[in-house]
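Q: Dumping the structure here so I can ask a few things about it.
Here, each number is a calculation from the coordinates, and none is a lab measurement. Computed from a predicted structure; not experimentally measured. In this analysis, Cβ positions are derived from the backbone assuming ideal geometry, glycine residues included, and neighbour counts consider all displayed protein chains.
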There are 2 protein chains.
Amino acid sequence: MDKYLLGIDLGGTNLRMAVVTSEGNLIEEVKVKTESDKGPKHVIHNMITICEGLLQKRNIEAIGIGAPGPLDSKQGIILNPPNLPGWDEVPLTLILKEALGKKVVLDNDANAAALAEAAFGAGKGKESVFYMTISTGIGGGYIYRNQLIQGANFCAGEVGNMVVNPDGPPHPILNVGSLESLASGTAVHRLGKEKVGMAGDAGVVFTLAMNGQQEAEEIVDTVLTYLAKGISNIVHTIDPHIIVLGGGVMQSNEYIMPLLLEKVNDYLYPQLRNKVQIECASLGTKAGVIGAALLTQQGYSGKGRG
Amino acid sequence: MDKYLLGIDLGGTNLRMAVVTSEGNLIEEVKVKTESDKGPKHVIHNMITICEGLLQKRNIEAIGIGAPGPLDSKQGIILNPPNLPGWDEVPLTLILKEALGKKVVLDNDANAAALAEAAFGAGKGKESVFYMTISTGIGGGYIYRNQLIQGANFCAGEVGNMVVNPDGPPHPILNVGSLESLASGTAVHRLGKEKVGMAGDAGVVFTLAMNGQQEAEEIVDTVLTYLAKGISNIVHTIDPHIIVLGGGVMQSNEYIMPLLLEKVNDYLYPQLRNKVQIECASLGTKAGVIGAALLTQQGYSGKGRG
């Protein structure tokens, strides 16, 4: 029989909560604004109130939270995410466990989305899935036989910090020349501003490039070249059965994907060319909340867990 | 009860064969010169003769071969390795199966050594092990819960082709600026020759650096910086419980390791610094033959298998 699981997708803008079956069926969903500017107490109060409502209706086995990093998934603590102002070492799993009396687990939003895409999305049925989110930042998650590979220090999938160009640019936290600083939406935006004084976000640059604006095309070419190098580095490390690409930048996927796939081939061993499967994520914004629920089915065993 | 397995470590210089138990005990070993200049027929004839002798003494369950790449481990075919002249698409598993009547599997030598180090060497008891061999080339193997992660196209662990510097150098097969072309023993040798006209191999450069020769120290610094970037890229992708370093270059490990560990920290997320376990391989030259035997315990299922 299906079990009921509660997933919480805590984003800087939206707070999504959903009852999901272990078969991935989304039974009921609640979406509200996070109102992160009102601080953690306010957000957690709202979270608990909505959870209580959902718990009254169904016998929920456990609660999983996907949240922006940095966080300590072993201890269940949200550290100090840039897009959750005022959160500073908040022991969220402990707080929810005490308020709701259920097992609670926490992991980063990319790992949650990776689980969902591997179990029910573009990676369904594949032995190994590497999910990458290309958005304001770049993150990822690696799923092997439907199991999240967390890593020795819970840092598996953190490919945003991969070095792809020793010459830069610098970044306050990430490596000089990291994939995130060269190939994220933020990188597209920065290059647009620097090179042609574009004011818009990455989407504006992609739209201009699609319409043949030369400088925009050059920016897209530069960014996709770095992204292709990052993807080929992942392939030469774990050779996953599929690479699933999600995140805001991939909303321009019809334009990006053919260019990207061609570039990835340039950086693969000859025998791998045209054999690496790369697809867009298929669950859209629901990946986060479904994946958060699926986190409860993974083998978390750290202290501080419910 | 222990099973008997036969491991074959086919190298360009030495051909090692050993009876190994599934518990990793090496019962009997035969080592001869490969005589690779005499071509594949000669080598395979010797291999079969020695195998027949070993098979007569004990009830051997299966035969595993570790060989230099490129090879097709799914089909059991050795393609055209640079250090096995004259070998060109040799269906080695099929030939041995027909001659010896046993199940035969084939994989590259780095994957074999990775299995051995994970099961019985420096990685023993660790949930996930990434093994890297730094020698003439750079290869690797990823072991998760004692299982070799082969990858969708049998290319997991091929980190020699990882891009760490887009500016070069070029290479006839590998990516421009690949880890192998920047951080292998061959790279040390090339830099020694280019920069100070040194005639010796990587060991000579390390010895000079150890004795304070400035140019040699600079070469070692450059090479270890790239190696550290490559290792940090692996960590940010899979965050293994241990990284085990083997291969000829690591014979200078007493000099290299402290420098390398310090450099790796420079390219890790702050929370990972001094937490990533990096150790030298511990099985020495026996890793290849023990690992080759262990290949038989992995789930190979491709066509052409015995």
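Q: Taking the criterion of being more than 30 Å from B:SER128 (Cβ to Cβ), surrounded by fewer than 21 Cβ atoms within 10 Å (Cβ to Cβ), among the polar types (S, T, N, Q) and under 23 Å from the mean Cα position of the chain (by Cα), would at least one residue in segment A:190-212 satisfy it?
A: No - not one qualifying residue is present in segment A:190-212.
Q: Being assigned to a loop (DSSP other than H, G, I, E, B), away from chain B (no Cβ under 11 Å) and not small (Gly, Ala, Ser), is that true of even one residue in segment A:240-247?
A: No, segment A:240-247 has no match at all.
Q: Given the criteria more than 14 Å from chain A (Cβ to nearest Cβ), in a helix (DSSP H, G or I), surrounded by 15 or more Cβ atoms within 10 Å (Cβ to Cβ) and not hydroxyl-bearing (Ser, Thr, Tyr), does B:ALA292 qualify?
A: yes
Q: Turning to a different aspect of this structure: Scan segment B:33-45 and report the pairs whose first residue is over 19 Å from B:ALA99 (Cβ atoms) and whose second residue is basic (Lys, Arg) and assigned to a helix (DSSP H, G or I), with Cβ atoms within less than 8 Å and a gap of 6+ or a chain change.
A: Correct list of pairs: empty, since none qualify.
Q: I'm trying to understand the selection: among the residues of segment A:128-182, which are closer than 21 Å to B:ARG273 by Cβ, out of contact with any strand residue (DSSP E or B) (no Cβ under 8 Å at 6 or more places or on another chain) and polar (S, T, N, Q)?
A: Those that are closer than 21 Å to B:ARG273 by Cβ, out of contact with any strand residue (DSSP E or B) (no Cβ under 8 Å at 6 or more places or on another chain) and polar (S, T, N, Q): A:ASN153, A:SER181.
Q: Just one of (1) buried (at least 23 other Cβ atoms within 10 Å of the Cβ); (2) part of a helix (DSSP H, G or I); (3) more than 8 Å from every other protein chain (Cβ to nearest Cβ); (4) in contact (Cβ under 8 Å) with a residue 60 or more places away in the chain trips up A:ILE234, so point out which.
A: Unmet condition: (3).
Q: Here is a further query. Exactly one of (1) surrounded by fewer than 24 Cβ atoms within 10 Å (Cβ to Cβ); (2) in contact with a His (Cβ under 6 Å, 6 or more places away or on another chain); (3) over 24 Å from B:HIS241 (Cα atoms) is unmet by B:SER181. Its number?
A: Every condition holds for B:SER181 apart from (1).
Q: Anything in segment B:167-182 that is touching a helix residue (DSSP H, G or I) at 6+ places or on another chain (Cβ under 7 Å) and either without any contact (Cβ under 8 Å) to a residue 40 or more places away in the chain or not in a helix (DSSP H, G or I) (or both)? List them, or say none.
A: Residues satisfying the conditions are B:PRO169, B:HIS171, B:LEU174, B:ASN175, B:SER178, B:SER181.
Q: Given the structure, is B:LEU115 surrounded by 22 or more Cβ atoms within 10 Å (Cβ to Cβ), within 21 Å of B:VAL20 (Cα to Cα) and away from every other protein chain (no Cβ under 14 Å)?
A: yes
Q: So if I check each of A:ASN46, A:ASN25, which one is surrounded by fewer than 15 Cβ atoms within 10 Å (Cβ to Cβ) and of a type in the set (S, T, N, Q)?
A: It is A:ASN25.
Q: Got a sec? Which of B:VAL276, B:VAL249 is within 26 Å of B:LEU115 (Cβ to Cβ), free of Cβ contacts under 8 Å to residues at least 60 places away in the same chain and touching a helix residue (DSSP H, G or I) at 6+ places or on another chain (Cβ under 9 Å)?
A: Only one candidate qualifies: B:VAL276.
Q: Filtering segment A:128-153 down to residues that are touching a residue at least 24 places away in the same chain (Cβ under 8 Å) and closer than 22 Å to B:LYS229 by Cβ, which residue is farthest from the other protein chains (Cβ to nearest Cβ)?
A: A:ILE134
Q: I'd like the full set of residues that are within 14 Å of chain A (Cβ to nearest Cβ) and among the charged types (D, E, K, R), limited to segment B:178-216.
A: The one that is within 14 Å of chain A (Cβ to nearest Cβ) and among the charged types (D, E, K, R): B:GLU180.
Q: Still on this structure, I have one more. As an exercise: evaluate B:TYR255 against (1) part of a helix (DSSP H, G or I); (2) surrounded by fewer than 17 Cβ atoms within 10 Å (Cβ to Cβ); (3) in contact (Cβ under 8 Å) with a residue 40 or more places away in the chain; (4) in contact with a strand residue (DSSP E or B) (Cβ under 9 Å, 6 or more places away or on another chain) and give the number of the one condition it does not meet.
A: (4)
Q: What number goes with the only condition from (1) on the phi > 0 side of the Ramachandran plot; (2) touching a helix residue (DSSP H, G or I) at 6+ places or on another chain (Cβ under 8 Å); (3) not aromatic (Phe, Trp, Tyr) that B:GLY39 does not pass?
A: For B:GLY39, the failing item is (2).
Q: Of the numbered conditions (1) at negative phi; (2) facing chain A (nearest Cβ under 8 Å), B:LYS103 fails exactly one; give the number of that condition.
A: Single failed check for B:LYS103: (2).
Q: Separate question: Taking segment A:258-273 as the search range and keeping residues that are in contact (Cβ under 8 Å) with a residue 24 or more places away in the chain and out of contact with any Leu (no Cβ under 7 Å at 6 or more places or on another chain), which one is nearest to A:GLY203 (Cα to Cα)?
A: So the residue we want is A:VAL264.
Q: Of all residues being on the phi > 0 side of the Ramachandran plot and within 11 Å of another protein chain (Cβ to nearest Cβ) in segment A:154-177, which is surrounded by the most Cβ atoms within 10 Å (Cβ to Cβ)? Just the residue, please.
A: Here the answer is A:GLY157.
Q: Take the residues of segment A:118-127 that are surrounded by fewer than 24 Cβ atoms within 10 Å (Cβ to Cβ) and within 20 Å of B:GLN147 (Cβ to Cβ): which is farthest from the other protein chains (Cβ to nearest Cβ)?
A: A:GLY125
Q: If we keep just the residues of segment A:260-287 that are surrounded by fewer than 19 Cβ atoms within 10 Å (Cβ to Cβ) and more than 30 Å from B:GLY140 (Cβ to Cβ), which is nearest to the other protein chains (Cβ to nearest Cβ)?
A: If we take residues in segment A:260-287 being surrounded by fewer than 19 Cβ atoms within 10 Å (Cβ to Cβ) and more than 30 Å from B:GLY140 (Cβ to Cβ), then A:SER282 is nearest to the other protein chains (Cβ to nearest Cβ).
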